[in-house]
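The values are calculated or read from the model by the stated rules, or taken from the named source; none is laboratory data. The structure displayed is predicted, hence computed values, not measured ones. Note that each Cβ is placed from the backbone with ideal geometry, even for glycine, and that neighbours are counted across all protein chains shown. Surface areas here come from the heavy atoms of the whole protein model, side chains and all, with no ligands, DNA or RNA. Shrake-Rupley method; radii C 1.70, N 1.55, O 1.52, S 1.80 Å.
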Amino acid sequence: MEKNRESAVVKKVMDYGGVGIRILKADRVKIYRDIDNLLYAEVAEAGLETPRLYRGVFAVLCFPVSGPDRYISLRYVNPSGQEEEIGVIREPIEFPREDRIQLAKSLAQYYFEFEIERIVSIEFRYNLLMFDVLTNFGPRQFEMRWRGDRALSLGEKGKVLLDVYDCRYIVRDVSALPREDQALFNRFIYW
Amino acid sequence: MNNAPEPAGPVETPIVLGSVDRIPGLILQRLQDTAIQDEEILLAAEADLDELGHIEPVWLLAGTKHVVAVPAVPDRPLRGPYAYAVTNDFDLHPSIGSTSVRVFVEKTPFELVRFTNEFRERFQRVVVQLKRIRNNEPIQPEALLKLNEDFCPKCGLILPRSGAPCRRCVKHGAVFQRMFAILWHYRWLMLALFLCMIAGIVLDMLPPYLTRILVDNVLGSQSHPEWLLWLVASLAGAALLRRGIDVIISQLTPRVGTAMTNDIRKRLFQKLQEMSVAYYDRVQVGSLMSRVINDVEVMHGFVTQVTQGFLVNLLLILFIGVMLFYLNARLAFFVLIPIPFVVIGTLFFWNRIYPNYYKYWESNSKLGAMLNGVLSGIRLVKVFGQEQRETSRFNRSVDYLREARIRVDTRVGAFSPVMAYFFGLGGLIIWFVGGRDVLSGVITLGTLMAFLGYIGMFYAPLGSLAMFSNWVTQFATASQRIFEILDMPSETLDAPDAIDCPDIRGDIEFKDIWFGYDPYNPILKGISLKIQAGEKIGIVGRSGSGKTTLINLLCRFYDVQRGRILIDGEDIRHFKQTQLLQHLSLVLQEPFLFRGSVRENIAYGRPEATFEEILNASKAANCHDFIMKLSEGYDTPLGERGAGLSGGEKQRISIARALLCNPRILILDEATSSVDTESEQEIQRALEVIGRGRTLISIAHRLSTLKTADRIYVIDRGQLVESGNHAELMGKQGTYYRLVQIQSTLASLDLKS
Ligand SMILES: Nc1ncnc2c1ncn2[C@@H]1O[C@H](COP(=O)(O)OP(=O)(O)O)[C@@H](O)[C@H]1O
Ligand SMILES: [Mg+2]
């Protein structure tokens with residue numbers, strides 16, 4: 001009785017009557033890049049004899065902050081020009097190395113962020129915050145409007161700064177910055 | 001930006017947009033043995049991301065027949081060349097943090113170049129030209145080389161808004177000047193304050209001097225014992241006067257401060273009302289509130305500081321300094337010894353200890369925000385049984401706040417005694433040096449006593465003077481943020497030559513409208529449609545297709561980026577907006593009710609409406625009967641956002657509100673979606689009566705309500721795909737037909753269950 005109830009609960013969570021996301025398992029999907037430099041996905045779909053081929057596939061993270069290593073949505077642009085989801089890869093780690101490289105490459109194209117490692121200086125001038133920082137791409141200077149909507153929370157501990165061009169500068173964990181950098185940062189970005 | 005490109009090598013006058021003004025030789029070399037090698041390059045633009053997402057230059061070259069992207073890193077492959085003949089289109093494709101130019105071949109998008117958003121504007125211009133080249137139209141060099149108007153053409157700094165003066169290049173009204181302009185209104189009060197302060201300082205200077213006479217001439221030499229009473233009486237008098245002045249100052253200061261902050265708050269609110277809807281998309285309401293409340297408070301603090309702190313301290317130091325040197329110049333020098341410590345200590349406080357307050361304030365405001373969120377969503381919390389989690393979340397916030405508070409208090413607490421020690425040090429030095437001088441008879445005991453008295457008043461103001469630069473910074477930031485709002489051009493203000501529209505017929509025309517909330521990402525793509533006065537129009541389409549956006553444009557909550565919207569043949573941007581909106585009434589899907597009575601809510605748009613008008617409108621909107629069941633009828637108070645009414649009831653009240661305005665154009669944006677079918681039909685019938693002689697635009701979720709519409713427009717992904725009346729569209733068997741099919745299937749399911 002007890003057991004039955006439990007399985008009923010599990011069933012309720014799992015079953016969306018075919019309208020939930022489609023999880024792509026490693027044994028049913030093949031990902032590769034062809035000479036046209038496009039990413040292809042071959043998906044074995046129910047009811048089809050041969051796998052269905054998707055062209056111009058790209059990857060987007062479902063949880064870029066809370067779970068950047070799992071749940072990758074594979075998408076493509078369908079013939080009528082609309083972006084469409086092919087399915088979601090739950091555990092990329094289960095995929096062959098070659099596939100993972102392609103996924104990583106696609107993600108690297110989709111996301112471009114400067115990761116701030118040190119803060120050299122922040123000045124408030126001309127109504128802008130002038131940042132001089134060290135990033136994963138080396139030293140950068142950028143300017144940002146001092147407004148709440150230009151520095152957004154990134155998870156519990158981080159911040160995303162949007163500069164005047166909308167480039168993204170992220171600090172994953174403000175409390176992991178060296179102390180004097182933190183003090184400087186919190187002096188201006190404290191909301 | 002580069003101008004006047006020179007011919008380079010085999011290439012004839014290409015237009016070059018990049019960090020150099022000609023295409024690098026290495027890039028051109030890589031074109032050898034490709035399809036584009038002998039072509040004339042028309043256009044070259046430098047991007048900054050390679051295919052791996054590294055910062056490396058990549059050049060996009062557009063020839064007469066092909067387009068290609070060439071990475072500067074030698075072993076990276078070219079993208080292309082793509083022959084224009086095989087391409088369908090080019091577009092600018094935003095992703096997270098970067099953007100790319102895509103070329104469509106056989107309807108499949110290929111990425112040509114990718115760049116950080118810094119180059120987005122440049123490539124937006126490039127894409128326009130690529131499309132022209134593809135269509136065999138000549139490229140437009142002036143359009144390509146046009147400078148980005150969002151940035152200062154001289155120094156490259158971003159401008160407060162397109163085409164505005166640059167803050168760096170134009171030295172416009174300094175903050176202080178403007179602050180003083182505001183304070184100028186209160187100049188008499190300020191003058192009175194100032195005079196009181198001077199009087200206070202003079203009185204402060206008196207006691208040590210009198211003490212000196214008392215010690216030297218009365219107690220020491222005993223030459224004038226009869227002065228004793230007078231001196232003590234003078235001391236008492238001075239103290240009394242001094243306290244009296246304190247009282248006067250304490251009465252005046254808040255008046256000046258609050259008068260000013262009041263003034264600024266009212267101006268801010270006035271300004272915020274004038275801002276457009278688009279503005280509120282951009283800013284967080286929270287940060288606006290903090291400006292209206294906190295930043296103004298900081299300014300208040302500053303005024304107090306200037307009038308009571310800074311000026312007093314400066315004058316005190318000046319007066320005392322002069323007095324010390326007058327009493328004994330040699331001894332006065334010793335007074336200066338601890339000054340460096342005082343200054344260093346103060347700076348330390350501001351740089352190291354004060355920032356702890358920021359953390360504290362932050363956690364304080366986070367706690368407030370959290371509390372607000374939980375309490376306003378309390379029903380949700382209970383329904384999902386999350387009290388436990390919210391409690392622990394709250395506890396965590398409180399703990400964090402406590403930690404921050406402890407850090408502030410302990411540091412400030414440890415700092416103060418250390419500073420006090422240095423202040424005391426000065427006195428000890430004087431005791432020693434001055435004491436020796438007294439013993440050797442160089443100065444009198446009275447002089448030493450006076451010295452000690454003055455020193456007691458000397459160091460503390462010095463410390464607060466050292467803090468002054470920080471006060472100024474804070475004040476400058478706060479006032480800058482306030483002026484940023486006050487300086488904003490009122491977006492809803494009309495053009496100076498805006499015309500009156502006391503009356504309109506209600507003809508509406510959309511002419512090739514392009515619009516995106518983010519201009520790089522259009523939502524409406526070339527919509528044209530025409531509505532004649534008095535017509536009943538339906539607009540349908542999937543959610544997210546841009547129906548509400550279309551209405552937002554008609555109401556001028558936003559302005560179109562391309563194309564025009566005409567009412568009675570006149571561009572709506574030429575009308576005075578408030579007048580135009582009087583002829584338009586809008587009922588939204590989410591009814592918004594204010595705190596107040598039912599009657600006040602219905603009469604919101606026309607407070608002068610008579611009782612009978614209100615009753616008629618309500619009857620027409622089919623809300624009269626349920627209102628009559630309320631205990632106080634039309635005077636029943638509604639809670640926040642109409643708490644106490646059902647969704648349908650709220651909606652009908654908001655329809656009554658719209659009807660009461662007797663608009664020429666009535667717009668219903670999915671207004672009846674949340675009403676049950678029965679009341680929907682009643683409202684529909686009412687609308688038919690009311691709708692006579694008006695233009696009625698209704699965006700409907702339930703298509704059955706549009707059967708009687710004169711015309712129905714079907715919008716899909718920002719484009720008009722079909723139009724016609726119900727019968728015509730059903731005959732076409734297109735998008736509309738399919739939508740109707742789906743809905744009738746659902747409806748029959750509904751009936752069965
Ligand atoms: N204020 C806004 N800022 C940014 N994007 C918006 C805003 N309002 C709507 N959008 C976007 O514009 C698109 C069209 O929205 P909308 O016109 O409300 O659709 P509809 O009313 O047809 O359901 C949607 O993709 C939506 O996400
Ligand atoms: Mg809508």
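A compact table of results
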{"read-out": "Dipole axis of chain B (+1 Lys, Arg; -1 Asp, Glu on Cβ), positive-most option in B:Leu195, B:Thr391, B:Gly424", "value": "B:Gly424"}
{"read-out": "For peptides B:57-70, B:146-159, sequence by mean Cβ density within 10 Å, most packed first", "value": "B:57-70, B:146-159"}
{"read-out": "Peptide B:107-118 - average C-beta neighbours from other chains (10 Å radius)", "value": "5"}
{"read-out": "Dipole in debye (nearest 20) - the stretch A:113-188, about Cα centre, beta carbon charges: Lys, Arg +1; Asp, Glu -1", "value": "180"}
{"read-out": "Relative contact order of chain A, pairs being alpha-carbon contacts under 8 Å that are 6 or more residues apart, as %", "value": "12"}
{"read-out": "Average Cα contact separation per residue, chain B, under 8 Å, 6 or more apart, as relative contact order %", "value": "9"}
{"read-out": "Placed amide H near B:Val16: partners under 5 Å, 5+ positions off or other chain", "value": "B:Ala44"}
{"read-out": "Amide H contacts under 5 Å for B:Ala47, placed H, 5+ residues apart", "value": "B:Val58, B:Trp59, B:Leu60"}
{"read-out": "Residue (of B:His300, B:Ile513, B:Val232) at the positive-pole extreme of the protein assembly as shown, dipole from beta-carbon charges", "value": "B:Val232"}
{"read-out": "Relative frequency of Cα-Cα separations exceeding 20 Å in the stretch B:289-433, percent", "value": "69"}
{"read-out": "Flagged links, alpha-carbon separation over 32 Å, of B:Lys525/B:Lys732; B:Lys154/B:Lys525; A:Lys159/B:Lys547; B:Lys65/B:Lys511", "value": "B:Lys154/B:Lys525; A:Lys159/B:Lys547; B:Lys65/B:Lys511"}
{"read-out": "Point-charge dipole on Cβ atoms (K/R +1, D/E -1) for the protein assembly as shown, about Cα centre, debye to 20", "value": "1740"}
{"read-out": "Gyration tensor verdict on the stretch B:592-662 (Cα atoms; rounded if a/c is under 1.5, prolate if a/b is larger than b/c, oblate otherwise)", "value": "rounded"}
{"read-out": "Calculated over chain A: convex hull of Cα atoms, volume per residue (Å³)", "value": "205"}
{"read-out": "Pairwise centroid distance, computed over Cα atoms, of the stretch A:73-135 with the stretch B:332-356, Å", "value": "48"}
{"read-out": "Spatially proximal lysines relative to B:Lys629 (Cα-Cα < 20 Å; intrachain offsets below 8 disregarded)", "value": "B:Lys619, B:Lys650"}
{"read-out": "Sites B:Glu608 and B:Ala85 - FRET efficiency at Förster radius 56 Å, r taken between beta-carbons, to 0.05", "value": "0.25"}
{"read-out": "Centre separation in Å (Cα based) which lies between the stretch B:46-91 and the stretch B:419-437", "value": "76"}
{"read-out": "Shielding of B:90-100 by partner chains, average beta-carbon count, 10 Å", "value": "4"}
{"read-out": "Mean projection area, nm², convex hull over Cα of the protein assembly as shown", "value": "55.9"}
{"read-out": "The stretch B:176-486 - percent of accessible surface contributed by carbon and sulfur, probe 1.4 Å", "value": "68"}
{"read-out": "Inter-label distance for B:Phe594 and B:Thr677, nm, one decimal - labels placed 7 Å from Cα along Cα-to-Cβ", "value": "3.8"}
{"read-out": "Student exercise, the stretch B:176-486 dipole from Lys, Arg, Asp, Glu Cβ charges, in Debye to nearest 20", "value": "940"}
{"read-out": "Whichever lysines have a C-alpha closer than 22 Å to that of A:Lys25, once near sequence neighbours (fewer than 8 apart) are set aside", "value": "A:Lys11, A:Lys12, A:Lys105"}
{"read-out": "Lys/Arg +1, Asp/Glu -1 at C-beta; the protein assembly as shown dipole; positive extreme among B:Pro109, B:Phe575, B:Val247", "value": "B:Val247"}
{"read-out": "Vicinal HN-Hα couplings computed from phi for the stretch B:698-706 (Karplus, 6.51 cos²θ - 1.76 cosθ + 1.60; Hz; Gly/Pro x)", "value": "10, 8, 10, 8, 8, 5, 4, 6, 9"}
